[in-house]
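Before any comments, here is the structure.
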Amino acid sequence: MSRTTSIAGVALGLMLGACNALVTKTPLLSKADAVGAAPMRDGLWRMEAEADCQVDVTKPLSDWPSCAGGFVVSGETVVYYNRDVNPAVWSVQPLVVAAGSPRILQAQADVSGDVKLNFRPYVYAGMRPIRTDPQGRIVAVAMWPVQCGPPPKNDSAGGTAKPLSGLEMKPGDPICTTTSVVALRAAAKASEAWVPKPLTAQWLREADPQTPRM
């Protein structure tokens with residue numbers, strides 16, 4: 001899988017653009033799964049970026065370069081400026097940040113590249129809060145993609161040779177799926193160890209006035 005547009009396009013897309021990702025046709029999680037857990041703070045967030053990515057974060061999100069990885073959390077939605085289409089457009093997607101250890105993020109993705117799907121998959125990432133504000137809202141996180149099993153050696157384009165229990169994966173496929181929330185949670189927990197360095201994101205400020213709302 002060479003590219004996905006998911007949570008904020010450049011947010012989870014940076015992680016889930018790799019192969020060996022768990023995807024589903026229908027959502028496994030709902031807002032009920034987030035009840036009782038600290039929410040991500042509404043507003044503008046920025047993903048960790050490469051050192052050579054130059055961006056003035058005081059400018060509106062629509063003026064940021066794609067390398068900056070900006071997105072807006074707004075209640076149960078995530079908003080981003082989709083530059084994968086011409087002309088670029090604002091995109092709003094449902095977002096679930098499920099409770100548990102680790103937390104699990106779920107969003108719907110647009111996939112292009114090596115993997116051709118006849119549906120818009122739901123994609124998943126494990127998440128651990130790094131910091132909260134005085135109101136208990138999450139303002140910094142570490143995230144990693146939920147994978148199908150131990151990653152293939154040498155960063156090959158295929159999927160794992162050993163899918164985790166409860167996951168369905170055809171030999172040679174670069175993605176897997178499941179209908180089991182238990183299997184999803186187990187995969188999210190196991191996947192943390194397979195990422196040398198989780199990606200981080202932090203809250204910057206309230207959303208810019210021109211950001212679309214749901």
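The values are calculated or read from the model by the stated rules, or taken from the named source; none is laboratory data. None of the values given here were measured: they were computed from a predicted structure. Cβ: placed from backbone, ideal geometry, glycine included. Neighbour counts: every protein chain shown. These accessible areas exclude ligands, DNA and RNA; they are computed on the full protein's heavy atoms, side chains included. Shrake-Rupley method; radii C 1.70, N 1.55, O 1.52, S 1.80 Å.
For every helix of n ≥ 4 consecutive DSSP H residues, a contribution of -39,500 (n - 2.57) applies; sum these over the chain, divide by its total residues, and give [θ] at 222 nm rounded to the nearest 500 deg cm²/dmol.
-2000 deg cm²/dmol
With Kirkwood's inverse mean 1/r over C-alpha pairs for Rh, give me the Rg to Rh ratio of segment 75-214, two decimals please.
Expressed as Rg/Rh, it is 0.98.
With a 1.4 Å probe and all protein chains left in place, how much of the accessible area of the chain comes from carbon and sulfur atoms, in whole percent? All intermediate terms of the calculation are to be shown ahead of the outcome.
On the way: 5540 of 10460 Å².
About 53 percent, which is the carbon plus sulfur part of the accessible surface.
In Å², what does the accessible area per residue of the chain work out to with a 1.4 Å probe?
49
So in the chain, which Cys have no other cysteine's beta-carbon sitting under 4.7 angstrom from theirs?
Cys19
Pairing the Cα long axis of helix 181-191 with the longest principal axis of the chain, what angle in degrees results, from 0 to 90 and rounded to the nearest 10?
In the chain, helix 181-191 runs at an angle near 80 degrees to the longest axis.
What FRET efficiency, computed as 1/(1 + (r/R0)^6) with R0 = 25 Å and r the Cβ-Cβ distance, is obtained for Asp63 and Lys197, rounded to the nearest 0.05?
0.30
Only Cα pairs under 8 Å and at least 6 apart count here; give the relative contact order of the chain as a rounded whole percent.
With pairs under 8 Å counted, the relative contact order is 28 percent.
Within the chain, what is the number of lysine pairs with alpha carbons under 15 Å apart, leaving out pairs fewer than eight places apart on the same chain?
The number of close lysine pairs in the chain is 5.
Which residues' amide hydrogens lie under 5 Å from the amide hydrogen of Ala107, considering only partners 5 or more residues apart or on another chain, with H built in the peptide plane?
Distant-sequence amide H within range of Ala107: Val123.
How would you order 37-50, 170-183 from highest to lowest mean count of nearby Cβ atoms within 10 Å?
Values: 37-50: 18.1, 170-183: 16.0.
For the peptides 37-50, 170-183, the packing ranking is 37-50, 170-183.
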